[in-house]
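The values are calculated or read from the model by the stated rules, or taken from the named source; none is laboratory data. On a predicted model such as this, the values are computed, not experimentally measured, just so you know. Don't worry about glycine lacking a Cβ; one is built from the backbone with ideal geometry, like all the others, and counts go over all protein chains shown. Calculation scope for accessible area: heavy atoms of the full protein, side chains included, ligands and nucleic acids excluded. Shrake-Rupley method; radii C 1.70, N 1.55, O 1.52, S 1.80 Å.
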Amino acid sequence: MNLTVIGTGYVGLVSGTCFAEMGNRVTCIDVDEKKIQGLKEGVIPIYEPGLEAMVKRNIEGETLHFSINLGEHLKKCDIAFIAVGTPMGDDGSADLQYVLQVAKEIGQHMQHSLIIVDKSTVPVGTADKVRQAIQNELEKRKLNIEFHVVSNPEFLKEGDAISDFMKPDRVVVGSDDESATKKMRTLYSPFFRSSMDRLITMDVRSAEMTKYVANAMLATKISFMNEVANICELVGADVNKVRIGIGSDSRIGYSFIYPGSGYGGSCFPKDVKALKRTAQEHGYTADLISAVEDVNDRQKMVIAKKVVDRFGADLTGKTFAIWGLAFKPQTDDMREAPAIYIIKDLVKRGAKVQAYDPKAMDEAQHFYLKDLPAVSYYHSKYETLQGADAMILLTEWKEFRSPDFEELKQQLNTPIVFDGRNQYNDQMMQDLGFEYFQIGKK
């Protein structure tokens, strides 16, 4: 098929590239000329394992193209995907200005029957607004062109997005037209070689709702386990053992019940707020969802509190080595990362910070922590430790899982480790001579 993907952010670029990998002819559109030129040259604006090689392979194979000209590529397009950003407003609502602007431009340029797919994460009812924006432009042009608006939310995990797209556990298609559903089924059929049971069809509004509910459910599991971890510390239990005990129940499972420093990223914080806002707009107070958000906000400061409890409120003259800045491993994304809040609190109390992350240091240095001269950046995890009074682990990158603990002790001024992801065995750390603090165990 001939596909047009509008937006070359995380969702648009991954989706367009994976569709091209399956043999479709894909053109990714963006208004940023510099970004498009870079993509044509194989310069990838985000870090995602496997994406760069796949982009270059499909450019060379002429299945993947990049352009700033939407009108030209709609002429021969079968399906147009809207994959632009929906940033969060101050009140928690999703900002639809970019989605609706794209819808307007589609209405201004489309010349034949077309399926328009909302790939962006959007509130319930957005498809109606997209449909109306397109229809308004067609009426201005005095044209009667059939089109269908479909909801096809993405469920991509940063750091594993290529695998998620190429081998999805499910694809949700919300459509009110059987012919549009059939075409979407044909598009996705190569991704389900053994069975099509994982393509789930439903009405548009239910599909829009599914994305928000999925992320809110996962966020709820995380916040619940972090709340349990805090209780465990108070009563003298070990959350690591509690997690194993409850995870062995097949009704619960082990996914998303790892205690830590709270969730971050572009999806969970934004989608939890948006779902809460949607409820408010319809006269319903979502107490549980609000609590999920409140618990997570508090959890981001748990490690900072442990540092203060150990060293005192005034951290002047103290230096802390930070291992991990991204909100999760295998990405350079620092949006809402716990590291931001913890580092800012330490610096506010007078501390100096020496930081290392395999991928996210540019993001930290030039954006999220750019106004903090007390933060220095290093090129290796061991170099970061030199002269520090303690090490704080905040992102569970693989290279942090089995470090040289003797090297760690030699580099630190004092052998103290604050583990925000419970990566190490507490008994082993004590045997090695470390003062070891983790989440959910006193």
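Of the residues making up the stretch 314-328, just one is β-branched (Val, Ile, Thr) and open to solvent by less than 10 Å² (accessible area, probe 1.4 Å), namely Ile322.
Residues of the stretch 118-146 that are hydroxyl-bearing (Ser, Thr, Tyr) and surrounded by fewer than 20 Cβ atoms within 10 Å (Cβ to Cβ): none at all.
Residue count for the stretch 419-433 under the criterion of being in a loop (DSSP other than H, G, I, E, B) and either out of contact with any helix residue (DSSP H, G or I) (no Cβ under 7 Å at 6 or more places or on another chain) or more than 16 Å from Val307 (Cα to Cα) (or both): the result is 6.
Consider the stretch 245-265 and keep the residues that are more than 30 Å from Ile392 (Cβ to Cβ) and of a type in the set (Gly, Ala, Ser). The one that is surrounded by the most Cβ atoms within 10 Å (Cβ to Cβ) is Ser248. Taking every residue in the stretch 258-275 that is under 25 Å from Ile322 (Cβ atoms) and pairing it with any residue that is open to solvent by 20 Å² or more (accessible area, probe 1.4 Å) and small (Gly, Ala, Ser), at least 6 positions away or on another chain, yields no pair with a Cβ-Cβ distance below 6 Å.
The one condition from (1) surrounded by 19 or more Cβ atoms within 10 Å (Cβ to Cβ); (2) out of contact with any helix residue (DSSP H, G or I) (no Cβ under 8 Å at 6 or more places or on another chain); (3) of a type in the set (Lys, Arg); (4) over 20 Å from Thr384 (Cβ atoms) that Arg298 does not meet is (1).
In this entry, Arg193 is excluded by the filter for residues that are of a type in the set (Lys, Arg), touching a residue at least 24 places away in the same chain (Cβ under 8 Å) and closer than 27 Å to Tyr10 by Cα. The number of residues in the stretch 168-185 being in contact (Cβ under 8 Å) with a residue 60 or more places away in the chain and over 26 Å from the mean Cα position of the chain (by Cα) comes to 2.
Of the residues contained in the stretch 415-424, one or more are found to be closer than 30 Å to Pro45 by Cα, of a type outside the set (Ser, Thr, Tyr) and modelled with pLDDT of 95 or more.
Cβ-Cβ contacts under 6 Å between residues 6 or more apart (or on different chains), taken from a first residue in the stretch 201-222 that is under 12 Å from Phe155 (Cβ atoms) and buried (at least 17 other Cβ atoms within 10 Å of the Cβ) to a second residue that is among the β-branched types (Val, Ile, Thr) and modelled with pLDDT of 95 or more, are listed as Ala207/Val172; Thr210/Val172.
Which of the residues spanning the stretch 143-162 are under 25 Å from Asp333 (Cα atoms) and in contact (Cβ under 8 Å) with a residue 40 or more places away in the chain?
Let us first name the residues in the stretch 143-162 that are under 25 Å from Asp333 (Cα atoms), namely 152-162.
Asn152, Pro153, Glu154, Phe155, Leu156, Glu158, Gly159, Asp160, Ala161, Ile162 - these are the residues of the stretch 143-162 that are under 25 Å from Asp333 (Cα atoms) and in contact (Cβ under 8 Å) with a residue 40 or more places away in the chain.
Within the stretch 405-432, how many residues turn out to be free of Cβ contacts under 8 Å to residues at least 60 places away in the same chain, open to solvent by less than 50 Å² (accessible area, probe 1.4 Å) and among the hydrophobic types (A, V, I, L, M, F, W, C)? Total satisfying the criteria: 4.
Residue by residue, here is whether (1) crowded, with 20+ Cβ neighbours inside 10 Å; (2) of a type in the set (Lys, Arg) holds:
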residue: Cys232; (1), (2): yes, no
residue: Arg243; (1), (2): yes, yes
residue: Cys267; (1), (2): yes, no
residue: Ala286; (1), (2): no, no
residue: Gly312; (1), (2): no, no
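For the stretch 133-186, taking the residues that are among the polar types (S, T, N, Q) and in a loop (DSSP other than H, G, I, E, B), the one that is farthest from Asn2 (Cα to Cα) is identified as Asn144. Just to be sure, is Thr278 within 25 Å of Val122 (Cβ to Cβ) and open to solvent by 70 Å² or more (accessible area, probe 1.4 Å)? Answer is no for this residue. Within the stretch 1-24, residues that are under 16 Å from Leu187 (Cβ atoms) reach partners that are aromatic (Phe, Trp, Tyr) and buried (at least 24 other Cβ atoms within 10 Å of the Cβ) with beta carbons closer than 6 Å, at six or more positions or on different chains, in the pairs Leu3/Phe19; Val5/Phe81.
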